[in-house]
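The values are calculated or read from the model by the stated rules, or taken from the named source; none is laboratory data. Fair warning: this is a prediction, and the values are worked out from it, not measured in the lab. Glycine also receives a Cβ, built like all others from the backbone with ideal geometry; neighbour counts cover every protein chain displayed.
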């Protein structure tokens with residue numbers, strides 16, 4: 001392998017022109033680069049000196065700098081919102097050494113189907129802040145589905161509205177630190193006996209992820225009571241590819257079990273906070 005050139009910019013103004021160079025890639029935690037191989041990599045942009053390792057939580061929003069690791073996100077979220085879905089999702093993602101390396105920006109830039117970050121961010125209706133050729137602010141679901149937006153572009157932050165949610169998060173795994181075959185995220189807000197709002201997202205399905213809006217509409221603005229199981233199944237028609245030695249029908253069955261557990265929490269059958277993780 002040819003020798004790599006390392007670039008160490010100290011400002012975004014210095015870093016952005018480097019993205020235009022063929023074979024030069026940003027380097028944060030480095031985990032995705034190692035998985036993808038380095039044959040086409042001619043140079044790496046070290047992001048450590050850039051002002052991207054920040055966490056900001058105001059009354060109205062939360063912003064995650066792209067260089068924050070999973071461990072740093074959970075450490076900060078726990079101080080401000082101890083029941084937050086990101087704390088549940090990222091505290092059990094991968095292994096401890098990897099949580100100390102995987103960054104928010106690296107994950108968002110690649111968004112593998114097994115990501116523990118994707119489902120919660122889609123449910124939170126997060127926005128991705130970028131700089132470079134496609135600089136701007138994009139809804140997370142659009143950014144995850146349009147690879148063209150990521151070319152010669154650097155993710156600088158992810159932000160979302162700060163609200164109090166009851167949350168459920170499930171990752172379907174064979175061992176605790178395995179990649180999940182799929183994840184289920186359920187967020188809900190209740191007022192007395194009514195469900196004010198609910199968001200339901202599954203990842204790892206055909207199409208990488210899906211927000212189950214028809215199912216959300218079954219609960220949103222309605223009394224908090226159990227829904228008909230057949231109606232739930234009808235509105236949550238999600239398909240899965242076979243993976244990890246598990247066939248599609250089995251994964252669909254596991255998904256329905258996890259979904260019903262999450263919805264039991266939404267309707268009050270299970271106290272908030274008693275999800276799988």
Restricting attention to segment 173-204, the residues that are in a strand (DSSP E or B), surrounded by fewer than 21 Cβ atoms within 10 Å (Cβ to Cβ) and either in contact with a strand residue (DSSP E or B) (Cβ under 7 Å, 6 or more places away or on another chain) or not assigned by TED's automatic domain parsing to the domain that holds residue 225 (or both) number exactly 5
Looking only at segment 105-116, which residues are under 13 Å from residue 31 (Cβ atoms), out of contact with any helix residue (DSSP H, G or I) (no Cβ under 6 Å at 6 or more places or on another chain) and in a loop (DSSP other than H, G, I, E, B)?
112, 114
Subset of segment 213-251 (residues that are in contact (Cβ under 8 Å) with a residue 40 or more places away in the chain, in a loop (DSSP other than H, G, I, E, B) and either closer than 22 Å to residue 268 by Cβ or touching a helix residue (DSSP H, G or I) at 6+ places or on another chain (Cβ under 7 Å) (or both)):
224, 225, 226, 227, 240
On the given criteria, is residue 210 without any contact (Cβ under 8 Å) to a residue 60 or more places away in the chain, under 26 Å from residue 163 (Cβ atoms), part of a loop (DSSP other than H, G, I, E, B) and not assigned by TED's automatic domain parsing to the domain that holds residue 145?
no
Limited to segment 179-207, what total is found for residues that are out of contact with any helix residue (DSSP H, G or I) (no Cβ under 7 Å at 6 or more places or on another chain), touching a residue at least 60 places away in the same chain (Cβ under 8 Å) and at negative phi?
3
Residue 262: surrounded by 16 or more Cβ atoms within 10 Å (Cβ to Cβ), closer than 22 Å to residue 175 by Cα, at pLDDT below 95 and assigned by TED's automatic domain parsing to the domain that holds residue 193, yes or no?
yes
Go through segment 141-158 and report how many residues are within 20 Å of residue 16 (Cα to Cα) and either touching a residue at least 40 places away in the same chain (Cβ under 8 Å) or surrounded by fewer than 16 Cβ atoms within 10 Å (Cβ to Cβ) (or both).
11
For the subset of segment 118-140 comprising residues that are part of a loop (DSSP other than H, G, I, E, B) and in contact (Cβ under 8 Å) with a residue 40 or more places away in the chain, which member is surrounded by the most Cβ atoms within 10 Å (Cβ to Cβ)?
124
Quick one: is residue 236 more than 24 Å from residue 175 (Cβ to Cβ) and modelled with pLDDT of 80 or more?
yes
